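Have a look at this one before I ask anything.
The values are calculated or read from the model by the stated rules, or taken from the named source; none is laboratory data. Predicted model, so just to flag it, every value in this text is computed and none were measured. For neighbour counting, all protein chains shown are included, and Cβ atoms are generated from backbone atoms with ideal geometry for every residue, glycine included. Just so you know, the surface numbers come from the protein's heavy atoms only, side chains and all, with ligands and any DNA or RNA stripped out. Shrake-Rupley method; radii C 1.70, N 1.55, O 1.52, S 1.80 Å.
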Amino acid sequence: MEEKKLGFGCMRLPLTNREDPKSIDLPQVMQMVDLFLEHGFRYFDTAYPYHGEESEHAVRRALVERYPRESFHLADKMPILRVKAAEDYPRFFEEQRKRCGVEYFDSYLLHNLGCDRYVNVQKFGAFDFLAGLKQKGYVRRIGFSYHDNAETLDRIMTDHPEVDFVQLQINYPDWDSAVTQSAKCYAVAVKHGKPVTVMEPVKGGTLAQLPEEAQRHFDAFVQSGKGQERHMSPASLAIRYAASLDHVSMVLSGMSSMDQLKDNIDFMQEFHPLTAEERKLAEEITEIMNRTIRVACTGCRYCMEECPKQINIPDYFGLLNLHAVTGKVSNMYYQRFSMNHGKASECLSCGRCERICPQHLSIREYLKEFSVLYSE
């Protein structure tokens with residue numbers, strides 16, 4: 001039986017406290033896992049740093065300890081940014097196996113590989129380490145997740161034809177982006193004959209909650225009856241866009257509630273590729289969003305791991321986008337988002353956040369803009 005194309009991304013699990021990424025709502029996660037498996041979906045994706053290093057533990061408790069190992073596909077990732085020497089690889093891997101409670105991973109990736117990180121990955125022998133894990137049966141497939149330019153991706157895949165797949169950021173606003181280069185990176189994967197797993201198909205939730213003008217355009221399309229789904233949603237358009245690509249084998253969705261899970265199951269249970277009219281709709285929404293969204297932040301929060309002042313960069317950028325779309329300044333939300341975090345004006349301009357940002361954002365410049373807007 002062909003594997004269904006929807007994967008459960010464990011980066012944005014439901015929380016009991018929105019301000020605490022570690023406060024995973026485990027009972028709800030268990031219910032979501034049950035429903036996901038009940039409908040024939042099998043793929044789960046986690047990583048070492050997700051949810052303040054609690055995602056892997058949640059996967060163990062909600063999935064591994066409750067279902068036979070052969071009934072699901074589990075992917076995990078080596079945190080290459082924390083690797084300082086070759087001996088760190090086996091240490092992290094054994095810790096991840098213990099956290100997840102498994103003997104092996106179905107898929108195992110180098111996490112967030114890019115031009116700068118490739119130097120250390122080569123220096124410390126990461127690909128040899130992965131190949132050894134596969135040879136010994138500790139992983140079934142090896143690959144890497146990637147946020148960088150197509151030229152570097154081509155070099156990596158040429159140097160390492162032994163990888164089984166690559167994980168790329170693909171969504172319709174990023175398809176022709178000069179920064180993300182989704183289309184060009186996808187073309188490189190196709191050139192090397194490697195299947196693609198898609199991350200960020202909904203762009204950190206941006207494509208599930210469209211700006212007002214884009215939402216009106218989407219609603220008009222749905223009311224016209226041109227869509228082929230019974231209950232078409234913005235999220236369904238985004239996920240189906242990625243899943244419609246011929247060389248995409250899996251699309252990960254970071255589902256934060258039972259409602260989001262049910263919506264995704266509804267349209268991916270019997271998957272239908274986008275029609276020409278639906279693809280045109282995605283292009284039109286992209287044009288609208290390019291005129292309104294100020295900062296293309298996906299809320300991955302990698303930047304906060306590196307920030308010495310613990311500035312709440314993703315939520316501050318959310319407020320910048322709110323102002324760009326509505327003209328509103330929300331001091332109430334700012335007070336909430338800045339609680340126990342550094343202010344934007346406290347930025348040291350060290351650039352550590354920008355070096356790790358998958359979207360290659362000019363974070364320091366946006367923080368200066370935010371400081372002026374909120375008169376810090």
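Which residues, counting only those in the stretch 13-44, are more than 23 Å from Ser244 (Cβ to Cβ) and either of a type in the set (Lys, Arg) or touching a strand residue (DSSP E or B) at 6+ places or on another chain (Cβ under 8 Å) (or both)?
Listed by number, the residues that qualify are Leu13, Pro14, Leu15, Thr16, Arg18, Pro21, Lys22, Ser23, Ile24, Asp25, Met32, Val33.
Here is a further query. Can you work out which of the residues in the stretch 296-319 that are at pLDDT below 90 and at negative phi is most open to solvent (accessible area, probe 1.4 Å)?
Once the filter is applied, the top-ranked residue is Glu305.
Okay, next question. Six or more apart or on different chains, Cβ under 7 Å: which pairs go from a residue in the stretch 31-51 that's buried (at least 22 other Cβ atoms within 10 Å of the Cβ) to one that's β-branched (Val, Ile, Thr)? Could you list them?
Phe44/Val59; Thr46/Val59; His51/Ile24
Using the structure shown, decide if Arg60 is assigned to a helix (DSSP H, G or I), of a type in the set (D, E, K, R) and buried (at least 16 other Cβ atoms within 10 Å of the Cβ). Full working, then the answer.
Working: assigned to a helix (DSSP H, G or I): yes; of a type in the set (D, E, K, R): yes; buried (at least 16 other Cβ atoms within 10 Å of the Cβ): yes.
The answer is yes for Arg60.
Right, next: Please find, within the stretch 310-360, the residue that is farthest from Thr206 (Cα to Cα) out of those that are of a type in the set (Lys, Arg) and not in a loop (DSSP other than H, G, I, E, B).
Arg352
Could you tell me which residue of the stretch 164-213 is most open to solvent (accessible area, probe 1.4 Å), considering only residues that are of a type in the set (Val, Ile, Thr) and in a loop (DSSP other than H, G, I, E, B)?
Applying the filter and picking the extreme gives Val179.
Hey, Pro314 hits all of (1) under 19 Å from the mean Cα position of the chain (by Cα); (2) under 21 Å from Gln181 (Cα atoms) but one; which does it fall short on?
(2)
Looking at the structure I just gave you, is Phe144 open to solvent by less than 10 Å² (accessible area, probe 1.4 Å) and touching a strand residue (DSSP E or B) at 6+ places or on another chain (Cβ under 9 Å)?
When the stated conditions are applied, Phe144 passes them.
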